[in-house]
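S.K.: A single structure is presented below for examination.
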Amino acid sequence: MTEKGRNGAIDVLRVLAGLMVIGIHTSGEYVLEGVNDGANFLAGLCWEAVVQPAVPLFVIISGAFVLGRYEAWGIFYRKRMPRLLGILLFWLPFYWLWMWVKGNDIGSYLAGFWQGRSFVHLWYVVMLLGLYAFVPLLNEVIRRCEVDGENTARKRLWALSVSFLLVGILSNTYDYVLGYNRFFPLLWVDYIGYFLIGYTLRRYPPVRTLPILCLYLLSSVALYAASRYAFGRGEGLYLYRNLSPLIVLSAVSFFAFFVSLRRCNPKIERIGQMQGDILGIYLVHIAVLNVVTKVLVLTTPVLMQHAWLNIPVRVALVFLISWGVVRLMKRLPVARSLV
């Protein structure tokens, strides 16, 4: 544990999740190019199988640290909601302008506003706002679950978390099968299970580490095999949805593994010192990725044709440049609250 009771392993995981989300947006293009692309397609599938749990991990980690604080409603909202709203009000127009500069049809882009198609990666912030709005209520539910002793509390919280995860999986599957685009501001409801499981695992961490790691590795291998089979038959995008069963299993087991560690090697824990910049990196990385990709296409086109090498190179470049942008913005009083 680090100072003030922080779990250094979870801080490291937050940084890894930041790398993983960049990996999604980097390797995904090779998957979408299809099976005819051969080695590049397989490279994309391998990367996607590892990095797809990134956004669920962000939600799980948020639940681990936000739930259970039992703050008054007003105090909680004043501490967190204004910043998220400010982030959304700045970055959303920024990315609309960015898309327009890139030559996208902004009219058709904005037409999908209420289904979330106009938010780029900022849909996560909207979803987080919805979850945060109900944190005081969820904390009251948690408090009542924990009034009758630790064993009873553990059973109740696990039952509650798993129930909401199952509801999210069923809802996600229903939307996919019917091609339904729900009213976007209600998307957060599907993520309550992730939010609760984060608190439950942090409050009652697993004792055994190796079986949990094996479960994560098996779920990643299964995701690779299933997606290769499905994409070969013209399907597969369902497997990469944040609430598909294999993604749920992968994200929960990966978080459980890091919680079970309780602490990492001190040298590895230093990576976790970057955790305070990860939200900012998430916000800026799409623009940085676009620029890095354009530069590499113009200067090293051969590299872009070899996904096994290109993906890790771009992920590393985008992460480091985005981190530099965030550190620079934090030095500017006017921009500090935007990252």
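The values are calculated or read from the model by the stated rules, or taken from the named source; none is laboratory data. Not measured: the values here are computed from a predicted model. Here the Cβ positions follow ideal geometry from the backbone for every residue, glycine too, while neighbour counts run over all protein chains shown. Areas reflect the complete protein model, heavy atoms only, side chains present, ligands, DNA and RNA absent. Shrake-Rupley method; radii C 1.70, N 1.55, O 1.52, S 1.80 Å.
S.K.: Could you sort the peptides 190-199, 69-78, 162-171 by per-residue average Cβ neighbour count (10 Å cutoff), highest mean leading? Don't skip to the answer; put the middle values down first.
M.R.: On the way: 190-199: 25.2, 69-78: 12.4, 162-171: 16.7.
In decreasing order of mean packing, 190-199, 69-78, 162-171 become 190-199, 162-171, 69-78.
S.K.: Right, next: Reported to two decimal places, what Rg/Rh ratio describes region 10-64 when computed on Cα atoms with Rh from the Kirkwood expression?
M.R.: On the way: Rg = 12.8 Å, Rh = 11.7 Å.
Ratio value, two decimals: 1.10.
S.K.: Let me ask something else. What are the ³J(HN,Hα) couplings of region 120-126, residue after residue, when phi is run through the Karplus curve with 6.51, -1.76, 1.60 and θ = phi - 60°? Round to Hz, x for glycine and proline.
M.R.: Taking θ as phi minus 60°, the curve returns 6, 8, 6, 4, 4, 5, 4 Hz for region 120-126.
S.K.: Rg/Rh for the chain to two decimals, with Rh computed the Kirkwood way over all alpha-carbon pairs.
M.R.: Radius of gyration over Kirkwood radius for the chain works out to 0.95.
S.K.: At 1.4 Å probe size, with every protein chain present, just tell me what the per residue accessible area of region 4-90 comes to in Å².
M.R.: So region 4-90 comes to 38 Å² accessible per residue, rounded to a whole number.
S.K.: Further question: Residue by residue through region 171-178, what is 3J(HN,Hα) from phi via Karplus (6.51 cos²θ - 1.76 cosθ + 1.60, θ = phi - 60°)? Round to whole Hz and write x for glycine and proline.
M.R.: Calculated HN-Hα couplings, in order: 5, 4, 5, 4, 4, 5, 4, 8 Hz.
S.K.: If you don't mind, there's one more thing I want to ask. Would you kindly give the portion of the calculated P(r) for region 103-252 that falls above 20 Å, as a percent of all Cα pairs?
M.R.: Cα-Cα pairs of region 103-252 separated by over 20 Å account for 60 percent.
S.K.: Moving to a separate point now. Using mean Cβ contacts within 10 Å as the protection proxy, how do 137-145, 326-334 order, highest first?
M.R.: Answer by packing, highest mean first, reads 137-145, 326-334.
S.K.: Could you run the Karplus curve 6.51 cos²θ - 1.76 cosθ + 1.60 with θ = phi - 60° over region 16-23 and give me ³J(HN,Hα) per residue in whole Hz, x for Gly and Pro?
M.R.: 4, 4, x, 5, 5, 5, 5, x
S.K.: Continuing with this model, one more query. Under the rule of -39500 (n - 2.57) per DSSP H run of 4 or more residues, summed and divided by the residues of the chain, what mean residue ellipticity at 222 nm is obtained, to the nearest 500 deg cm²/dmol?
M.R.: So the calculated ellipticity at 222 nm is -24000 deg cm²/dmol.
S.K.: State in Å² the accessible area per residue of region 155-276; use a 1.4 Å probe, count heavy atoms of protein chains only, and round to the nearest integer.
M.R.: 52
S.K.: Follow-up question, since we're still on this one. Looking at the chain, how many pairs of lysines come closer than 22 Å at the Cα, when each pair is eight or more places apart or spans two chains? The partial results should precede the final answer.
M.R.: Numbers: Lys4/Lys79; Lys4/Lys267; Lys79/Lys330; Lys102/Lys294.
Pairs that pass both the separation and distance tests number 4.
S.K.: Now a separate question. Tell me the carbon and sulfur percent of the accessible area for the chain, rounded to whole percent, probe radius 1.4 Å.
M.R.: Whole-percent figure for carbon plus sulfur exposure: 67.
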